[in-house]
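Okay, here's the structure, questions in a sec.
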């Protein structure tokens, strides 16, 4: 029995190593060694003031981009002339 395969021991050892590496990576992440990912990101803020007690009031009255609205008259969809004839079961 001296020639028994040692695969079961090596697979257990690989599992233990994987768990140890995962625990070490989680501990390093917890202590901030990987960073938060917020460095270098731009922060955008709206150029508005809160004058309405929670309502958003824009101080610039003229828009920066001109908006052209179409002046097409609206019409209703004409009703169907007659309902489609469906065969009645006998």
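The values are calculated or read from the model by the stated rules, or taken from the named source; none is laboratory data. Remember, predicted model here, so these are calculated numbers, not experimental data. Neighbour counts run over all protein chains shown; Cβ positions are idealised from the backbone, glycine included.
Can you name the condition, by its number, that residue 80 falls short on among (1) at pLDDT 70 or above; (2) under 37 Å from the mean Cα position of the chain (by Cα)?
Of the numbered conditions (1) at pLDDT 70 or above; (2) under 37 Å from the mean Cα position of the chain (by Cα), the odd one out for residue 80 is (2).
Results for (1) under 30 Å from residue 25 (Cβ atoms); (2) surrounded by 10 or more Cβ atoms within 10 Å (Cβ to Cβ); (3) at pLDDT below 75; (4) over 29 Å from the mean Cα position of the chain (by Cα), shown as yes or no for each residue.
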residue	(1), (2), (3), (4)
36	yes, no, yes, no
49	no, yes, yes, no
65	no, no, no, no
73	no, no, no, yes
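Given the condition loosely packed, with under 10 Cβ neighbours inside 10 Å, in a helix (DSSP H, G or I) and modelled with pLDDT under 70, answer yes or no: does some residue in the stretch 5-21 qualify?
Scanning the stretch 5-21 turns up at least one residue that is loosely packed, with under 10 Cβ neighbours inside 10 Å, in a helix (DSSP H, G or I) and modelled with pLDDT under 70.
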